[in-house]
Every structure is written in structure tokens, then in C-alpha cells.
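Asks: Let me give you the structure first, and then I'll get to my questions.
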Amino acid sequence: MNTRILHIATNTFREAVRDRVLYNLIAFALLLTGAAVLVGQISIDIEKLVVINLGLTAVSLFGIVIAIFIGIGLVSKEIDKRTLYTVLSRPVQRWEFVVGKFFGLVGTLVVNTFFMAIGVFAAISFVSWHHALIANDGWVLLALYFIVLEFVIITALALFFSSFSSPLLSAVFTFSLFVIGAFSEDLRGFAKMAHGIAGLLATGISYIVPNFSALNIIDQVAHGHGVAAELIAYNTAYALIYALAVLAGAILIFERRSLK
């Protein structure tokens, strides 16, 4: 990573902090702690399962919202403030600006996830203090890793749409792809049963949209089931290749966009 990209990424991270993005951690920690206390009254057999499900789902949803609503403004905000013209007047290429913004937001989300993960493990420890820490808890880290991969794809998508569309439409497009991608496996199942144009259309859409359902192992981890090494390698490669392709599209569009 060259110094210009690193500088843009660092500034993006600082702007996110000034926008109080990371302040949601306090609310999250309070919510998770309160939930841990409440589920403790349900049953000793399922309280840990509920906390893991609740905690990881909260991490995912918080991150998705942050990725979308900050990502859609990464380009438009710079144009509205006219700071983009100042940046590009220096020896900074447009692709460097896009890549720097991408890494800046991803870095913000990684830090966000790190602190929220502390809250998740604190809640798990609270509801299972009378049990020894079992190896299955290590799979929670893997679920968090897959959630970060989701954030990488969402950030690339938000940046892609913001490179040519308004913030409102960018939010709608990105959120729509997230919802469709979350049900991509069901969409593929429907495509196998459908016939004719409907089947072909469903098949095409299911392979174009990001497969977020493959990255969601929250329920599996909550029940203490492991994950195959092949799936870890596949999901990692898939997320990085998909994000890289979308980011390349964003760069291609932004390079040709008229900023006058």
C-alpha cells in the first residue's frame, strides 16, 4: 500500500470516529449485558446459545448499517464539500482515492468488530461462569471472521454504488443486495425447481448477488458445531475475489465520471 492510499485510509478512519461511529459500542455493550442477564432467567441449557446468537447477530447488523450508511457517502460527501477537488489536485490518482476510502472504512469496521467481540465474549463468560470455557467457544471467533468478510463485501458494494449514484439510491441498492444475498441459497433452490425464463433468471441472479448465506454460520456456531477447513478457505477466497471485482468496477466508473 503506497503512502497516498494509506493517508486517505487514515483520514477516512478519523472522519468515521469524528462522526461518532464507534460510540455505538457503549449502547451495544449495555444491550448485550442486559440480554445476558435476562436470558439467564430462561434456562441453563439454552442461555449460552441465545447469547451467542444475539451477540453475533447484533455485531453483524451493527456493522452492516455502519458499512452502508458511511460507505454510501464516501464519494458524495467529498464532492458536496468540494474536498475531492483538493485531493485530486495533488498527485493522487482517482483509483488511489477509491482504494484508500475502501481500506479506511474496512479498518473502521474491523476496529468496531474487535470491541463488540469483547462484549460478546464478556456476555458468554457471564452466562457460563459456572462452566469451564470449552473449545466450541473458539468457533465464535470464526463466525466473527466471516462477519468481517461480509463487511468487506458490503463496503465494496456501497462504494461501487456511491461512485455513480446518489446516497439514497446507493443505500437502497446496497441493502437490497444484502437482503437478496442473505437468501441466495434459497434462491438457488428455487431456481432448480423453476422452469423456463424464471429458472434461468433466478439462477443468474443467485450467482451474481453476493452469497452472504454461506458466510452466516451464527446458528451453526451457537449449537457448537465446527466448520470444515475447506469452507473457511472457500469463503475467504470468495469474499476477497468478489470484493476485489466490485472495487475494480467502482474504480472503472469513478475514473470515467465527470466531476464538473
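The values are calculated or read from the model by the stated rules, or taken from the named source; none is laboratory data. Because the structure is predicted, anything quoted here is derived from the model rather than measured. When we count neighbours, we look across all protein chains shown, and the Cβ atoms used for this are built from the backbone with ideal geometry, even at glycine. Quick note on the areas: whole protein, heavy atoms, side chains included, nothing else; ligands and nucleic acids left out. Shrake-Rupley method; radii C 1.70, N 1.55, O 1.52, S 1.80 Å.
Asks: Mind checking whether some residue in the range 46-64 is open to solvent by 30 Å² or more (accessible area, probe 1.4 Å), of a type in the set (A, V, I, L, M, F, W, C), at pLDDT below 80 and in a helix (DSSP H, G or I)?
Replies: In the first step, residues of the range 46-64 are kept if they are open to solvent by 30 Å² or more (accessible area, probe 1.4 Å); the result is 46, 48-50, 53-54, 57, 61-62.
Those still in the list that are of a type in the set (A, V, I, L, M, F, W, C) too: 46, 49-50, 54, 61-62.
Narrowing the set further to residues that are at pLDDT below 80 leaves 46, 49-50.
Of the ones still in play, those that are also in a helix (DSSP H, G or I) are 49-50.
Yes, because at least one residue in the range 46-64 is open to solvent by 30 Å² or more (accessible area, probe 1.4 Å), of a type in the set (A, V, I, L, M, F, W, C), at pLDDT below 80 and in a helix (DSSP H, G or I).
Asks: Would you be able to say whether some residue in the range 153-163 is over 22 Å from residue 52 (Cβ atoms), modelled with pLDDT under 90 and in a helix (DSSP H, G or I)?
Replies: The answer is yes; a qualifying residue exists.
Asks: If you don't mind, another one. Residues 123, 143: which one is at pLDDT 80 or above, of a type in the set (Gly, Ala, Ser) and in a helix (DSSP H, G or I)? Explain how you work it out, then say what you get.
Replies: Details: 123 fails: at pLDDT 80 or above.
On inspection, the qualifying residue turns out to be 143.
Asks: Can you tell me how many residues in the range 174-183 are open to solvent by 80 Å² or more (accessible area, probe 1.4 Å) and in a helix (DSSP H, G or I)?
Replies: Count: 1.
Asks: Also, quick follow-up: Take the residues of the range 222-260 that are within 18 Å of residue 56 (Cβ to Cβ), modelled with pLDDT of 90 or more and aliphatic (A, V, I, L, M): which is least open to solvent (accessible area, probe 1.4 Å)?
Replies: Filtering the range 222-260 for residues that are within 18 Å of residue 56 (Cβ to Cβ), modelled with pLDDT of 90 or more and aliphatic (A, V, I, L, M), the one least open to solvent (accessible area, probe 1.4 Å) comes out as 239.
Asks: Continuing with this model, one more query. Using beta carbons and a limit of 8 Å, which pairs, at least six apart or on different chains, have the first residue in the range 57-70 and more than 17 Å from residue 218 (Cβ to Cβ) and in contact (Cβ under 8 Å) with a residue 12 or more places away in the chain and the second one open to solvent by 20 Å² or more (accessible area, probe 1.4 Å) and outside any helix (DSSP H, G or I)?
Replies: Taking only residues 6 or more apart or on different chains, the pairs are 70/19.
Asks: If you don't mind, another one. Considering each of 219, 186 in turn, give the residue that is acidic (Asp, Glu), surrounded by 14 or more Cβ atoms within 10 Å (Cβ to Cβ) and within 30 Å of residue 70 (Cα to Cα).
Replies: After applying the criteria, what remains is 219.
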